[in-house]
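Right, one structure below, let's go through it.
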Amino acid sequence: MTDRRAMAIIAALLLAQAGAGMAQSDFIGCVEAIEREAIRDHQVSPVTARALLADLTPSARVLELDRQQPEFTSTLAGYLDRRVSESHVRQGQALLKEHQPLLEAITREYGVPGRYLIAFWGLETNYGQYTGRLSTLQSLATLACDPRRGDFFRGELVAALQLVDQGTLEPDQLRGSWAGALGNFQFLPSVYRDYAVDASGDGRADLWDSFEDAAVSAANFLMARGWQAGERWGREVLLPADFDLDLVEQRQSLEAWANAGLQRADGSALPVADLDAQLLLPAGIDGPAFLVYENFDVIMRWNPSRFYALAVGRLADRLAGAGELTNPPPATEPLAVETVQRMQEQLNALGYEAGEPDGRIGPVTRSALRAFQKQRGIPADGFPDEVTRERLDKQAREI
């Protein structure tokens, strides 16, 4: 047995003993299968594939970070406080001014306002201050061979091999986040491959050291994902006292929302526009309410987290001079992943389809919560507040 193979076995064994979900020999067989697939189905040269995959071992740290993503383990208050802080706003406004000519040119060509690009930059790498130092190949191989999202990251690992095989990147450039993302805007390898732009004209799309390349590439990606020029991401709104909570999560015209009594956060009427919007209560009935438009969905195609999309939208608004939320989210304790899993199991056992108990509150779980709350006379906002959790615990014990 080679030393490298022995190292992979030892690392995989340690992961399995730690409960990380990767058996002793699974990692080696998985990487070998990806190597064969890359060569056979994606025209990666055998020399490149074997050279880049030969020394890989799984990373327990990567799996730990995957299970602890702040988008799923923070409260909305905590998430926004860290990512839309006053220091973030001040720094972003300075950068917006510094890069104004470039950003205005990008807006004209791609339809994406500069404040959104600066907001993405702030959330992804703290305005380029931290682009990540982990091995992209090790991170992607670890996630590709983990059952949770293996198929997705398998494709990203192949894309990373293609970037090197095609001469787009050198192997030593493949360093980034725990999830395998690269550069100022944290592009996954497939996004780098398909949407990176050499805007500076120096012969390569440099997403680390050329803000021009990075910003144009980000705008190119957003435009391809359906960005609507001239439209906002959404806005905070006020609900009437007698609001019908059956409308939470629904999508309808702005005119229909105005007829339902919704107002802008300052109490003025909603704009008159031919737009559909969805109503979100991400911190429950006691927190802020948002009407979100199509560009909110585009942001979620960048990162499928509502907290992330709200933070991008709110930071972009603050960069343009908007104030703080009229109704800030309450400061509550975050729910542990295990708590959410138990809640999902309880809902399923009671006949409310909450989806796979994965510890993440998505649309299916929120729908189940609303149904449970409505039948028990709790405000049906789909938010797992203390009253809802206590009632769910009590009901689950009785079956």
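The values are calculated or read from the model by the stated rules, or taken from the named source; none is laboratory data. Predicted model only: the values in this text are computed from it and were never measured. Note: ideal-geometry Cβ built from the backbone for every residue, glycine included; neighbour counts use all protein chains shown.
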Fill in: Matching residues in region 291-338 - criterion: being over 20 Å from the mean Cα position of the chain (by Cα), of a type in the set (A, V, I, L, M, F, W, C) and modelled with pLDDT under 95
ALA331
Response to the item:
Flagged in region 298-335 as assigned to a loop (DSSP other than H, G, I, E, B), farther than 21 Å from PRO113 by Cβ and in contact (Cβ under 8 Å) with a residue 40 or more places away in the chain, in numbering order, are SER305, THR326, ASN327, PRO328, PRO329, PRO330, ALA331, THR332, GLU333, PRO334, LEU335
Worksheet item: Does TRP233 qualify as being assigned by TED's automatic domain parsing to the domain that holds GLN138, in contact (Cβ under 8 Å) with a residue 60 or more places away in the chain and aromatic (Phe, Trp, Tyr)?
Response: no
Worksheet item: Got at least one residue in region 71-86 being modelled with pLDDT of 95 or more, hydrophobic (A, V, I, L, M, F, W, C) and more than 25 Å from MET300 (Cβ to Cβ)?
Response: no
Worksheet item: Among the residues of region 346-364, is any modelled with pLDDT of 95 or more, in a helix (DSSP H, G or I), among the polar types (S, T, N, Q) and surrounded by fewer than 21 Cβ atoms within 10 Å (Cβ to Cβ)?
Response: yes
Worksheet entry | Selection count, region 375-397, where residues are surrounded by 14 or more Cβ atoms within 10 Å (Cβ to Cβ), modelled with pLDDT of 95 or more and not in a loop (DSSP other than H, G, I, E, B) | 4
Practice prompt. Give the residues of region 75-123 that are buried (at least 18 other Cβ atoms within 10 Å of the Cβ) and either touching a strand residue (DSSP E or B) at 6+ places or on another chain (Cβ under 9 Å) or in a loop (DSSP other than H, G, I, E, B) (or both), sorted by residue number.
Written response: THR75, VAL84, HIS99, VAL112, PRO113
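To keep it simple, each residue is scored yes or no on (1) within 13 Å of GLY111 (Cβ to Cβ); (2) in a helix (DSSP H, G or I); (3) over 22 Å from the mean Cα position of the chain (by Cα); (4) not aliphatic (A, V, I, L, M).
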position: ASP194; (1), (2), (3), (4): no, yes, no, yes
position: SER200; (1), (2), (3), (4): no, no, yes, yes
position: ASP206; (1), (2), (3), (4): no, no, yes, yes
position: GLU212; (1), (2), (3), (4): no, yes, yes, yes
position: ALA215; (1), (2), (3), (4): no, yes, no, no
position: PHE221; (1), (2), (3), (4): yes, yes, no, yes
position: GLY226; (1), (2), (3), (4): yes, no, no, yes
position: GLU236; (1), (2), (3), (4): no, no, no, yes
position: GLU249; (1), (2), (3), (4): no, no, no, yes
Response to the item:
Per the list (1) without any contact (Cβ under 8 Å) to a residue 40 or more places away in the chain; (2) buried (at least 20 other Cβ atoms within 10 Å of the Cβ); (3) not in a loop (DSSP other than H, G, I, E, B), residue check on LEU169 breaks on (3)
